[in-house]
1. Can you tell me which residues in the range 6-20 are more than 17 Å from G79 (Cα to Cα) and either surrounded by 13 or more Cβ atoms within 10 Å (Cβ to Cβ) or among the basic types (K, R) (or both)?
2. For the range 21-48, which residues satisfy the criterion of being closer than 19 Å to M74 by Cα and of a type in the set (G, A, S)?
3. Check whether at least one residue in the range 27-42 is in contact with a helix residue (DSSP H, G or I) (Cβ under 8 Å, 6 or more places away or on another chain), more than 10 Å from Y5 (Cβ to Cβ) and assigned to a strand (DSSP E or B), and report yes or no.
4. Tally the residues that are under 23 Å from S54 (Cα atoms), part of a strand (DSSP E or B) and more than 8 Å from the chain's Cα centre (by Cα), restricting the search to the range 1-13.
5. Just checking, how many residues over the range 14-28 are within 19 Å of D57 (Cβ to Cβ), among the aliphatic types (A, V, I, L, M) and over 9 Å from the mean Cα position of the chain (by Cα)?
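The values are calculated or read from the model by the stated rules, or taken from the named source; none is laboratory data. Worth saying up front: this structure is predicted, and the values here are computed from it rather than measured. When we count neighbours, we look across all protein chains shown, and the Cβ atoms used for this are built from the backbone with ideal geometry, even at glycine.
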Amino acid sequence: MAFTYIIYSQSHNKTYVGCAEDWRARLNKHNAGKVKATSSGLPWSLVLTEEHSSMLDARRRERYLKSSAGRRWMKKTMGDLSEGTPARPATGRDLVPV
C-alpha cells in the first residue's frame, strides 16, 4: 500500500506534495528537518492523504498534484489553507476536517 500526501506549513503558507509507503514516518521526517525541501517550513501539518494500491499509482497522483491542473484542483478543493482547518479525504477524494 502507498500514499500520496499533502502537508502545509503555516509559517511559510506553502504546501508540499509527496508520496510514501508510510506517510506517518515521512511526516515525522519532514517535521524533524530531515527533508531538505521542507526543512525551512517547520512545522508541517497533514492536510490530505490518499491511499493507492501501488507506489506507481501514488507517484502518478503526486505528479498530477504538482502539475498546474493539480494545483488548481487543490485550490478548488481545499481553498486557502491559511484561513481554515486543513482537510483530508476519508475515502476516495471526499474531504473531511482533520
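1. Of all residues in the range 6-20, those more than 17 Å from G79 (Cα to Cα) come to 11, 18-20.
Within the range 6-20, G18, C19, A20 meet the criteria.
2. S45
3. No, every residue in the range 27-42 fails to be in contact with a helix residue (DSSP H, G or I) (Cβ under 8 Å, 6 or more places away or on another chain), more than 10 Å from Y5 (Cβ to Cβ) and assigned to a strand (DSSP E or B).
4. Pass one, the range 1-13, residues under 23 Å from S54 (Cα atoms): 1-7.
Checking the rest, the ones that are also part of a strand (DSSP E or B) come to 2-7.
Within this subset, residues satisfying the condition of being more than 8 Å from the chain's Cα centre (by Cα) are 2-3.
Summing the residues that are under 23 Å from S54 (Cα atoms), part of a strand (DSSP E or B) and more than 8 Å from the chain's Cα centre (by Cα) in the range 1-13 gives 2.
5. 1
Every residue, every condition in (1) surrounded by 13 or more Cβ atoms within 10 Å (Cβ to Cβ); (2) assigned to a loop (DSSP other than H, G, I, E, B); (3) at pLDDT 95 or above; (4) on the phi < 0 side of the Ramachandran plot, yes or no:
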site	(1), (2), (3), (4)
R60	yes, no, yes, yes
Y64	yes, no, yes, yes
M74	yes, no, no, yes
S82	no, no, no, yes
G92	no, yes, no, no
